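Notes to accompany the following structure.
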Amino acid sequence: MKNIVKMGDLTNEEVFQLIHRGLEIKNGKHVESRDDLYVANLFFENSTRTKHSFEIAEHKHKLKVINFEVATSSVNKGETLYDTCKTLEMLGCNLLVIRHSQNAYYEELKNLNIPILNGGDGSGEHPSQCLLDLMTMYEKFGTFENLNIIIAGDIKNSRVAKSNYRMLTRLGAKVRFVCPDIYKDETLGEVVDFDDVIGEVDVCMLLRVQHERHAEKMGLTKEEYHEQYGLTPQRYEKLKETAIVMHPAPVNRDVEIASELVEAPKSVIFEQMKNGMFMRQAMIEKIIKDNQL
């Protein structure tokens, strides 16, 4: 099957095709209705934007959406992820969207005969978020070549940081990180001081501090984190006039970003969310076409 489970699955040409198609759909281009296809969204982790963005995208394609709830499924009886997915395949499901806490969960699903869209795997990758971020940047700048990008936050545990770093670097952008030592990922790029670079950046991307998982290891209060690693009003004022502020959300207000900056003129945080639905429509369309569903 032709899946989209990690950004490495996509060529640069395919990435640009998805970006252009997402922008076309946003500007009113027709999408084909496929009311003969069934899709199930298997979200083993909590989600608002990704889950409902996929659901709306699926409904816009007129797909039949199967109501799968982890809490009331046989997962709670010990059923494996593979057996759950294979059951849905046997029942006639044509496509799966999956979010799971296990890194590279999709490696266990190679014997499925229906395609998968990855809604996020552990601290691995998040291709749909990466693609909607790319769409948002491209909509603003029209290129990735030589863009100066800062990603600030929990780099080590962030699937968004990993997907974005790898793809943006591939496409010619310069990506650096701002984070406490505990959140560094030595396999990725350079870590810099926020205040040394804030005036140079084209894109300031902030990542959520995962209080439910890792905040206790940081050794900083929320206020201290905000002062040292967050986008404060003082830092915002140093951004170039053409710079944009991004965040995959949900936002911890006054931690990663001052609350009053979430909808400031340079912020595209809510526009990212809007673009997410159009990008996921483009991804669904590609999966249907590539697999001749």
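Show the residue pairs that are 6+ apart or on different chains and have beta-carbon atoms under 8 Å apart, the first residue being within segment 169-186 and more than 16 Å from M137 (Cα to Cα), the second being part of a helix (DSSP H, G or I) and open to solvent by 70 Å² or more (accessible area, probe 1.4 Å).
P180/Q228; I182/K217
Which condition from (1) modelled with pLDDT of 95 or more; (2) part of a loop (DSSP other than H, G, I, E, B); (3) in the same structural domain as T87 (by the TED database); (4) open to solvent by 70 Å² or more (accessible area, probe 1.4 Å) is the one that H30 breaks?
Only one criterion is unmet by H30, namely (1).
Which one of H52, H20, H59 is within 15 Å of the chain's Cα centre (by Cα) and open to solvent by 30 Å² or more (accessible area, probe 1.4 Å)?
H52
Can you find, within segment 76-112, the residue that is nearest to N3 (Cα to Cα) among those that are among the acidic types (D, E) and either open to solvent by less than 20 Å² (accessible area, probe 1.4 Å) or out of contact with any strand residue (DSSP E or B) (no Cβ under 9 Å at 6 or more places or on another chain) (or both)?
Among residues in segment 76-112 that are among the acidic types (D, E) and either open to solvent by less than 20 Å² (accessible area, probe 1.4 Å) or out of contact with any strand residue (DSSP E or B) (no Cβ under 9 Å at 6 or more places or on another chain) (or both), the one nearest to N3 (Cα to Cα) is E107.
What do you reckon, is A71 in a helix (DSSP H, G or I) and over 27 Å from K162 (Cα atoms)?
Taking the combined requirement at face value, the residue satisfies it.
Under 7 Å between Cβ atoms, at least 6 apart or on separate chains: pull out the pairs that start in segment 217-239 with a residue that is under 16 Å from C204 (Cα atoms) and charged (D, E, K, R) and end on any residue that is open to solvent by less than 50 Å² (accessible area, probe 1.4 Å) and not in a helix (DSSP H, G or I).
That search, which allows pairs on different chains as well, returns R235/I198; K238/I198; K238/G199.
Could you look through segment 130-146, keep only residues that are touching a helix residue (DSSP H, G or I) at 6+ places or on another chain (Cβ under 7 Å) and either open to solvent by 10 Å² or more (accessible area, probe 1.4 Å) or β-branched (V, I, T) (or both), and pick out the one that is nearest to N41 (Cα to Cα)?
T136
Suppose we filter D133, D83 for residues that are assigned to a helix (DSSP H, G or I), acidic (D, E) and closer than 15 Å to R159 by Cα; which single one remains? Walk me through how you get there before you give the answer.
Working: D83 fails: closer than 15 Å to R159 by Cα.
Unique residue meeting the criteria: D133.
Pairs please, first residue from segment 63-78 and at negative phi, second anywhere and in a loop (DSSP other than H, G, I, E, B) and open to solvent by 80 Å² or more (accessible area, probe 1.4 Å), Cβ atoms under 7 Å, 6+ apart in sequence or on different chains.
Qualifying pairs under 7 Å: K64/D35.
Which of the residues belonging to segment 54-65 are farther than 20 Å from K29 by Cβ and either at pLDDT below 95 or in a loop (DSSP other than H, G, I, E, B) (or both)?
Passing the criteria: none in range.
Specify the residue that is nearest to Q234 (Cα to Cα); the eligible residues are those in segment 259-273 that are out of contact with any helix residue (DSSP H, G or I) (no Cβ under 8 Å at 6 or more places or on another chain) and assigned to a helix (DSSP H, G or I).
Result: S259.
So which residues in segment 243-263 are touching a residue at least 60 places away in the same chain (Cβ under 8 Å) and either over 19 Å from V197 (Cβ atoms) or over 20 Å from the mean Cα position of the chain (by Cα) (or both)?
Residues satisfying the conditions are P248, A249, P250.
Among the residues that make up segment 180-191, is at least one of them more than 13 Å from the chain's Cα centre (by Cα), crowded, with 22+ Cβ neighbours inside 10 Å and more than 21 Å from R253 (Cα to Cα)? Steps first, answer last, please.
Going through segment 180-191, the residues more than 13 Å from the chain's Cα centre (by Cα) turn out to be 180-191.
Imposing the further condition that a residue be crowded, with 22+ Cβ neighbours inside 10 Å reduces the set to 183.
Of the ones still in play, those that are also more than 21 Å from R253 (Cα to Cα) are none.
So far as segment 180-191 goes, no, none of its residues is more than 13 Å from the chain's Cα centre (by Cα), crowded, with 22+ Cβ neighbours inside 10 Å and more than 21 Å from R253 (Cα to Cα).
Could you tell me whether any residue of segment 1-10 is modelled with pLDDT of 95 or more, part of a loop (DSSP other than H, G, I, E, B) and either farther than 20 Å from R159 by Cα or in contact with a Leu (Cβ under 6 Å, 6 or more places away or on another chain) (or both)?
Checking segment 1-10: at least one residue is modelled with pLDDT of 95 or more, part of a loop (DSSP other than H, G, I, E, B) and either farther than 20 Å from R159 by Cα or in contact with a Leu (Cβ under 6 Å, 6 or more places away or on another chain) (or both).
Just the residues that are more than 18 Å from K286 (Cα to Cα) and in contact (Cβ under 8 Å) with a residue 40 or more places away in the chain, please, taken from segment 109-132.
Here is the first cut: in segment 109-132, the ones more than 18 Å from K286 (Cα to Cα) are 109-112, 120-125.
L112, G120, D121, G124, E125 - these are the residues of segment 109-132 that are more than 18 Å from K286 (Cα to Cα) and in contact (Cβ under 8 Å) with a residue 40 or more places away in the chain.
Output the qualifying pairs, or none if there are none: Cβ atoms under 7 angstrom, residues six or more apart or on different chains, first residue in segment 13-37 and on the phi < 0 side of the Ramachandran plot and among the basic types (K, R), second residue open to solvent by 70 Å² or more (accessible area, probe 1.4 Å) and modelled with pLDDT of 95 or more.
So the pair list comes out as R34/K62.
Between a first residue in segment 264-280 that is free of Cβ contacts under 8 Å to residues at least 12 places away in the same chain and a second residue that is surrounded by fewer than 16 Cβ atoms within 10 Å (Cβ to Cβ), which pairs have beta carbons less than 8 Å apart while being 6 or more apart in sequence or on different chains?
Within 8 Å, the pairs are F270/E263.
The values are calculated or read from the model by the stated rules, or taken from the named source; none is laboratory data. Bear in mind that the values here come from a model prediction, so they are computed numbers and not experimental data. Quick reminder, even Gly has a Cβ in these numbers, built from the backbone with ideal geometry, and neighbours come from all protein chains shown. The accessibility values were calculated without ligands, DNA or RNA, using every heavy atom of the protein model including side chains. Shrake-Rupley method; radii C 1.70, N 1.55, O 1.52, S 1.80 Å.
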